[in-house]
Amino acid sequence: MADLSWEAIEQQIANCRRCGLCQMRNRIVLGEGNRNADIMLIGEGPGAEEDAQGRPFVGKAGQLLDKMFLAIDMRREDLYITNVVKCRPPGNRTPLDEEAEACLPILRMQYSLIQPKIVVCLGATATRHVYDPEARITRVHGQWLNKNGTLFIPTYHPAALLRDETKKKDAWEDLQSIRKTYAVMRQKQQ
């Protein structure tokens, strides 16, 4: 990684063929938001809307995600939002482990450039590939993990909340924890 820059990442993925997801994609969805953000959100992978627009979390789940973070006084523009895989899995299926592994070097480069203070793992896929390979989202959501000075917290993916509203209470508690932890962190910096 001699040349660690956004331009280098964009060049690496411009014609990416690291896995089979490249065969059906319309666009690679790298991520968007504040590249100096204190908080980085990592989801699973692009859906149909994201694949069409080339932007993460712009469909129904993305609209819910925006509302969730606005409820804790955080705007999309203040965060950096990306996914484990950068191309849409067919039929929005869960990415295969080999597909996730092919994209993880790109995610690591994004993480290295942003240097977030908090990483929010949205859903099971992000939790397994970023937080802990053995983790189950239903058991670990809301639990903080410190990795080399960065705090990681898994919570439910907004798409899961759209499918099962009973998880919204837990997700709200997770968001409250994120807001509180971030507020304390910012106070210590002042």
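The values are calculated or read from the model by the stated rules, or taken from the named source; none is laboratory data. Because the structure is a prediction, the values reported are computed rather than measured. Cβ: placed from backbone, ideal geometry, glycine included. Neighbour counts: every protein chain shown.
How many of the residues in region 48-63 are assigned to a helix (DSSP H, G or I), of a type outside the set (D, E, K, R) and over 13 Å from the mean Cα position of the chain (by Cα)?
4
Just checking, how many residues over region 141-172 are surrounded by fewer than 18 Cβ atoms within 10 Å (Cβ to Cβ), closer than 14 Å to Arg128 by Cα and either touching a Lys or Arg at 6+ places or on another chain (Cβ under 9 Å) or in contact (Cβ under 8 Å) with a residue 24 or more places away in the chain (or both)?
Qualifying residue count, region 141-172: 0.
When Gly91 is evaluated against the numbered criteria (1) out of contact with any helix residue (DSSP H, G or I) (no Cβ under 6 Å at 6 or more places or on another chain); (2) of a type outside the set (Ser, Thr, Tyr); (3) modelled with pLDDT of 95 or more, which criterion, by number, is the only one it fails?
Going through the list (1) out of contact with any helix residue (DSSP H, G or I) (no Cβ under 6 Å at 6 or more places or on another chain); (2) of a type outside the set (Ser, Thr, Tyr); (3) modelled with pLDDT of 95 or more, Gly91 breaks only (3).
Could you list, in sequence order, all residues of region 42-64 that are of a type outside the set (Lys, Arg) and out of contact with any Gly (no Cβ under 8 Å at 6 or more places or on another chain)?
Ile42, Gly45, Pro46, Asp51, Ala52, Gln53, Gly54, Val58, Gly62, Gln63, Leu64
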